[in-house]
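Encoded as structure tokens, the structure appears first; notes follow it.
Taken together, the values in this text are just the output of simple stated rules run on the coordinates, not laboratory data. Everything numeric here is computed off the predicted structure, so don't read it as measured data. Methodologically, a virtual Cβ is constructed for each residue, glycine included, from the backbone with ideal geometry; neighbour enumeration extends over all protein chains shown.
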Amino acid sequence: DDITLKSATENNFFVGVAVSEARTNITAYDDLYTREFSSITAENDMKMASIFTGIDGSGNIIYDWSKIDALVAYAEANSLNVHGHTLIWHRSIPEALENFSGTDQEFEDLIEQYITDVFTRYQGKINSWDVVNEAIDDDAGTQWRNTLFLQRMGDDYVEKCFAFARAADSNVKLFYNDYNMTFDGTKRGKVLVLVDDLLANNLIDGVGYQMHIDYNFPSREQIQEATDELVAKDVLVHFAELDVKVNAANDLTELTEERSQAQRQRVREVVEIFNAIPQNKKYAITVWGLKDDDTWLIPENNGRPEWPLLFDASFDKKSAYQGFLEGL
Ligand code: G3I
């Protein structure tokens, strides 16, 4: 059985997995990360709050590069693409920025410095980044989520961050990433307007649709329509953060065969839709974790058990894994 997720895609696009530095250099993880996948994304280790640890007395940013360095080296040693996640996100703001008492201009200068420092350090090593994550409000009435970045840098802060990134390294592919894209047409419409605005200034290369979905929602037609609307734009498509919930109704205490097959079908549909995208627009499908017990959807966060990934707790392939292969 020599077929893997990676080999089955025939290098037409990256198959990514969310990793943490703490789970590398553990044989069972390494075997699957390097055998099955062609790209990694840090689930948390490349977020701003993980890297930007303070501001010193002279106003310079204090960095902890240890985990991001280790992951970049790991990728290099194992010929894995790196998709960076994420430069700017309202849920990963360093305390020193949260409490920053300088002027708005000084705040903005720190953001520019941060983006420039990250891009300079990893030049040629991180292929793409989610520059801004989840900036669009869920409320149908407003465009932007009200974040510290909006308050400090103004309504055009997203464009400013993309411009800082482009200026820092024009070879890095710049992505915007957000959730509920497949079924919330209003929110998606706002993202697509942002994409047009950024494209007009050559500031964006791709869009990530976060794929935190259910085995029975949204519909295949909804995912197809959302994908078609994105494919109509001149950007790369990333199906990011894929996991498939099977227990939203909390009717399971273990993964049943029936629900497992429904999940397999779901993964197959998602991969089929992605695979049908024109070749020059396919960037990656990234699963949000390796195995079911690594998921962020643990009962403590989620209120109920879930089995949303492609491998089970024993590192064995699930039916959902077969669904991925079938989708190709
Ligand atoms: O590592 C610490 C640990 O030392 C500490 O004891 C523990 C106590 O809370 O926290 C641990 O950190 C947690 C970290 O995950 C690693 O497990 C953080 O509290 C927790 O907030 C963090 O959650 C992550 C979340 O983003 C927030 O950053 C999830 O793992 C991660 O899957 C999730 O990913 C996001 C994407 O970045 C953006 N899209 C939505 C997606 C799901 O929320």
Checklist entry - If a residue has to be away from the ligand (no atom under 16 Å from the Cβ) and touching a Gly at 6+ places or on another chain (Cβ under 8 Å) to count, how many in the stretch 40-60 make the cut? => result 1
Checklist entry - Which pairs have Cβ atoms under 6 Å, sit 6 or more apart or on different chains, and link a residue in the stretch 141-154 that is closer than 16 Å to E112 by Cα to one that is of a type in the set (S, T, Y)? => result F149/Y157; L150/Y157
Checklist entry - How many residues does the stretch 278-304 contain that are more than 12 Å from the ligand (Cβ to nearest atom) and small (G, A, S)? => result 2
Checklist entry - Is one or more of the residues making up the stretch 257-267 touching a residue at least 12 places away in the same chain (Cβ under 8 Å), under 18 Å from D228 (Cα atoms) and either out of contact with any strand residue (DSSP E or B) (no Cβ under 8 Å at 6 or more places or on another chain) or within 16 Å of the ligand (Cβ to nearest atom) (or both)? => result no
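Anything in the stretch 305-320 that is surrounded by 15 or more Cβ atoms within 10 Å (Cβ to Cβ) and away from the ligand (no atom under 14 Å from the Cβ)? List them, or say none. Spell out the reasoning first.
Our first condition is that a residue be surrounded by 15 or more Cβ atoms within 10 Å (Cβ to Cβ); within the stretch 305-320, this holds for 305-312, 317-320.
Scanning the stretch 305-320 gives P305, W307, L310, F311, D312, K317, K318, S319, A320.
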Checklist outcome for this item: Within the stretch 191-238, residues in contact with a Phe, Trp or Tyr (Cβ under 7 Å, 6 or more places away or on another chain) and among the aromatic types (F, W, Y) come out as Y209
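Can you find a residue in the stretch 239-251 that is away from the ligand (no atom under 16 Å from the Cβ), touching a Phe, Trp or Tyr at 6+ places or on another chain (Cβ under 8 Å) and not in a strand (DSSP E or B)?
Keep residues of the stretch 239-251 that are away from the ligand (no atom under 16 Å from the Cβ), which gives 246-247, 249-251.
Those still in the list that are touching a Phe, Trp or Tyr at 6+ places or on another chain (Cβ under 8 Å) too: 246-247.
Now narrow it down to the ones that are not in a strand (DSSP E or B): 246-247.
Yes, because at least one residue in the stretch 239-251 is away from the ligand (no atom under 16 Å from the Cβ), touching a Phe, Trp or Tyr at 6+ places or on another chain (Cβ under 8 Å) and not in a strand (DSSP E or B).
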